Amino acid sequence: MKETVIIRDLEQIKVFAHPLRARLVEVFADKPRTAKQAAEVIGQKPTKLYHHVEALERVGLIKLVKTQRKRGTTEKYYRTVAKRFSVDSSLFEMMKNGKKAMGECRAMFSTMLENTMREINESISEKLICPEKREVEVALARKHIRTTPAKLKKMQGKIQKMLDEFTAAEDKKGGLEYRLVLVFYPLTGKKKRR
């Protein structure tokens, strides 16, 4: 499995923008699973997921990694093709003139942010995030920066390197699991905000 795959195809964005498919990518990134096993993890019926799994495989976001015979049927195990996915910035140039492409881009961001809110709400419901649990760190920040594209790319590289070093050194069986959501987006033509 690759560390990072850069999405360079509008069809991949369209497939990835669906909320259920985005959840499936997270589930298949964790470890190889069948569609039935993935359905159990996300609380859906397997029959609802088969065409979503096919769509993810068709555009190359997941791949078949193993088949296994079990009670007269063949179980198919899928895994993401990378640990992380990044969108090629040239796609945004292509989207400037296409309403459909812009809609797919909006849908992709909406899906990611909706999934983030769903997970935050689950953590609050499970009392993982609450005033009584001071030992569990939750950070929320919104920061405005002004920089050049070259310096932004350098900063993103440093952040990625730090995250890679941190996650490589951690034992997956110990401690709590956390999610980090980091979005860089331009505020073209806007005055400095606070």
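Some observations on this one:
Yes/no per residue for (1) touching a strand residue (DSSP E or B) at 6+ places or on another chain (Cβ under 7 Å); (2) over 13 Å from LYS83 (Cα atoms):
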| position | (1), (2) |
| --- | --- |
| GLU3 | yes, no |
| ARG8 | no, yes |
| ILE13 | yes, yes |
| PRO19 | no, yes |
| VAL25 | yes, no |
| ALA55 | no, yes |
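- Residues being at pLDDT below 90, surrounded by 20 or more Cβ atoms within 10 Å (Cβ to Cβ) and more than 12 Å from the chain's Cα centre (by Cα) - total across the range 14-41: 1
- Boolean, LYS173 is more than 25 Å from ILE13 (Cβ to Cβ), assigned to a loop (DSSP other than H, G, I, E, B) and modelled with pLDDT under 80: yes
- Residues that are in a strand (DSSP E or B), within 30 Å of ILE159 (Cα to Cα) and either modelled with pLDDT of 90 or more or not basic (Lys, Arg) (or both) within the range 69-97 comprise TYR78, ARG79, THR80, ALA82, PHE85, SER86, VAL87, listed in sequence order.
The values are calculated or read from the model by the stated rules, or taken from the named source; none is laboratory data. Worth saying up front: this structure is predicted, and the values here are computed from it rather than measured. Heads up, the Cβs are rebuilt from the backbone with ideal geometry, glycines too, and the neighbour counts pull from every protein chain shown.
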